[in-house]
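Report on the structure given below.
The values are calculated or read from the model by the stated rules, or taken from the named source; none is laboratory data. This structure is a prediction, so every number in the text was calculated from the model and none was measured. Ideal geometry is used to build each Cβ from the backbone, glycine not excepted, and the neighbour counts take in all protein chains shown. In case anyone asks, the SASA skips ligands and DNA or RNA and just uses the protein heavy atoms, side chains included. Shrake-Rupley method; radii C 1.70, N 1.55, O 1.52, S 1.80 Å.
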Amino acid sequence: QVQLVEAGGGLVQAGGSLRLSCAASGRISVYTMGWFRQAPGKERDFVAAISPMGDSTAYADSVKGRFTISRDNAKNTLNLQMNSLKPEDTAVYYCAASLYSMPYAESRNYYNIWGRGTQVTVSS
């Protein structure tokens, strides 16, 4: 089974940027890929998703216009460019893979492969 490892988290001031990456141990071209986040005491929420060939994306309303998801199937990597960060973006960010298509991408229940997460902290 493919394994996912996130990187790129850290501490940044409000208004700053971070770029998260997710490296896969195998082919990801068959998977819908997504980013989720979980703040302390809260549920794991959808952030963004991208179709297997990268021709379709979806975003949570809270990040639209600020975050951009992308993938490189040749390198088996997934990225999340995060701009104009806000304190409410503070969370552990998880990379995930799903064999379901984009209509199911916003539900964490349809993802069967998860990374361990990377912490993003945005200070005010």
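Residues in the stretch 82-98 that are buried (at least 16 other Cβ atoms within 10 Å of the Cβ) and under 19 Å from Gln13 (Cα atoms): 7 in all.
Residues in the stretch 100-112 that are at pLDDT 95 or above, open to solvent by less than 50 Å² (accessible area, probe 1.4 Å) and either among the acidic types (Asp, Glu) or in contact with a Ser or Thr (Cβ under 8 Å, 6 or more places away or on another chain) (or both): Tyr111 only. The one condition from (1) of a type in the set (Ser, Thr, Tyr); (2) exposed (fewer than 14 other Cβ atoms within 10 Å of the Cβ); (3) over 19 Å from Ser123 (Cβ atoms) that Thr77 does not meet is (2).
Yes or no: Arg71 open to solvent by 30 Å² or more (accessible area, probe 1.4 Å), of a type in the set (Lys, Arg), in contact (Cβ under 8 Å) with a residue 24 or more places away in the chain and farther than 20 Å from Gly9 by Cβ? Break it down stepwise before answering.
Working: open to solvent by 30 Å² or more (accessible area, probe 1.4 Å): yes; of a type in the set (Lys, Arg): yes; in contact (Cβ under 8 Å) with a residue 24 or more places away in the chain: yes; farther than 20 Å from Gly9 by Cβ: no.
Spelling it out, it is not the case that Arg71 is open to solvent by 30 Å² or more (accessible area, probe 1.4 Å), of a type in the set (Lys, Arg), in contact (Cβ under 8 Å) with a residue 24 or more places away in the chain and farther than 20 Å from Gly9 by Cβ.
Could you list, in sequence order, the residues of the stretch 59-68 that are touching a helix residue (DSSP H, G or I) at 6+ places or on another chain (Cβ under 8 Å) and open to solvent by less than 20 Å² (accessible area, probe 1.4 Å)? Result: Val63, single match.
Assess whether Val120 counts as being in contact with a Gly (Cβ under 6 Å, 6 or more places away or on another chain) and either of a type in the set (Gly, Ala, Ser) or within 15 Å of Leu18 (Cα to Cα) (or both). Outline the logic, then answer.
Values: in contact with a Gly (Cβ under 6 Å, 6 or more places away or on another chain): yes; either of a type in the set (Gly, Ala, Ser) or within 15 Å of Leu18 (Cα to Cα) (or both): yes.
Considered against the rule, which asks whether it is in contact with a Gly (Cβ under 6 Å, 6 or more places away or on another chain) and either of a type in the set (Gly, Ala, Ser) or within 15 Å of Leu18 (Cα to Cα) (or both), Val120 comes out as yes.
Please tell me if Ser51 is under 18 Å from Gly8 (Cβ atoms), hydroxyl-bearing (Ser, Thr, Tyr) and at pLDDT 95 or above.
On the way: under 18 Å from Gly8 (Cβ atoms): no; hydroxyl-bearing (Ser, Thr, Tyr): yes; at pLDDT 95 or above: yes.
Considered against the rule, which asks whether it is under 18 Å from Gly8 (Cβ atoms), hydroxyl-bearing (Ser, Thr, Tyr) and at pLDDT 95 or above, Ser51 comes out as no.
Within the stretch 35-53, track down each residue that is out of contact with any Phe, Trp or Tyr (no Cβ under 8 Å at 6 or more places or on another chain) and closer than 13 Å to Leu80 by Cα.
Of the stretch 35-53, the ones out of contact with any Phe, Trp or Tyr (no Cβ under 8 Å at 6 or more places or on another chain) are 39-43, 50-51, 53.
The answer is Ile50, and nothing else.
Just checking, which of Ser51, Ser56, Ser21, Ser25 is among the hydroxyl-bearing types (Ser, Thr, Tyr) and either within 13 Å of Val122 (Cβ to Cβ) or open to solvent by less than 20 Å² (accessible area, probe 1.4 Å) (or both)?
On the way: Ser56 fails: either within 13 Å of Val122 (Cβ to Cβ) or open to solvent by less than 20 Å² (accessible area, probe 1.4 Å) (or both); Ser21 fails: either within 13 Å of Val122 (Cβ to Cβ) or open to solvent by less than 20 Å² (accessible area, probe 1.4 Å) (or both); Ser25 fails: either within 13 Å of Val122 (Cβ to Cβ) or open to solvent by less than 20 Å² (accessible area, probe 1.4 Å) (or both).
Exactly one of Ser51, Ser56, Ser21, Ser25 is among the hydroxyl-bearing types (Ser, Thr, Tyr) and either within 13 Å of Val122 (Cβ to Cβ) or open to solvent by less than 20 Å² (accessible area, probe 1.4 Å) (or both), namely Ser51.
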